[in-house]
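Only one structure is covered here, and it is reproduced in the block below.
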Amino acid sequence: MLDGELDAAIERCVESLALYRGLGSSHGCASMLSVLGQATLRAGRLNEAGRYLHEGIRFAEDLGNNIYLIYFMHSLATLAA
């Protein structure tokens, strides 16, 4: 994926996250935070990726969703490597 395409995708995901927040959809937020975490990680925006992933962990814990939790933890491990 070209850098410009990745940046555009991240912008669309940020917009989607805002919509999910407005709807009060915790699952939607968690899902979008996982995509944003991976996309910003791939774009080299490491601080931003960390913020999305840490927020995602809070959603995963609140939802009691261990699948999301494992995913976010794995992504944070990749970030730390």
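The values are calculated or read from the model by the stated rules, or taken from the named source; none is laboratory data. None of the values given here were measured: they were computed from a predicted structure. Every residue, glycine among them, receives a Cβ derived from its backbone with ideal geometry; neighbour counts consider all protein chains shown. To get the accessible areas, we keep the full protein, side chains included, count just its heavy atoms, and leave off ligands, DNA and RNA. Shrake-Rupley method; radii C 1.70, N 1.55, O 1.52, S 1.80 Å.
In a residue-by-residue description of the range 42-65, the property of being touching a residue at least 12 places away in the same chain (Cβ under 8 Å), of a type outside the set (S, T, N, Q) and in contact with an Asp or Glu (Cβ under 6 Å, 6 or more places away or on another chain) applies to no position. Residues in the range 53-70 that are in contact with a Ser or Thr (Cβ under 6 Å, 6 or more places away or on another chain) and buried (at least 16 other Cβ atoms within 10 Å of the Cβ): 53, 56, 59. Across the range 38-53, a minimum of one residue is classified as of a type in the set (A, V, I, L, M, F, W, C) and farther than 15 Å from residue 7 by Cα.
Quick check on the range 11-31. Is at least one of its residues at pLDDT below 95 and among the acidic types (Asp, Glu)? Scanning the range 11-31 turns up no residue that is at pLDDT below 95 and among the acidic types (Asp, Glu). Using the structure shown, decide if residue 4 is in a helix (DSSP H, G or I) and open to solvent by less than 20 Å² (accessible area, probe 1.4 Å). Judged against the criteria, residue 4 is not a match. Looking across the range 13-49, the residues that are exposed (fewer than 13 other Cβ atoms within 10 Å of the Cβ), more than 19 Å from residue 69 (Cβ to Cβ) and not hydrophobic (A, V, I, L, M, F, W, C) come down to 15, 22, 24, 44, 47. Residue 79 fulfils the conditions (1) touching an Asp or Glu at 6+ places or on another chain (Cβ under 7 Å); (2) at pLDDT below 95 except for a single criterion, (1).
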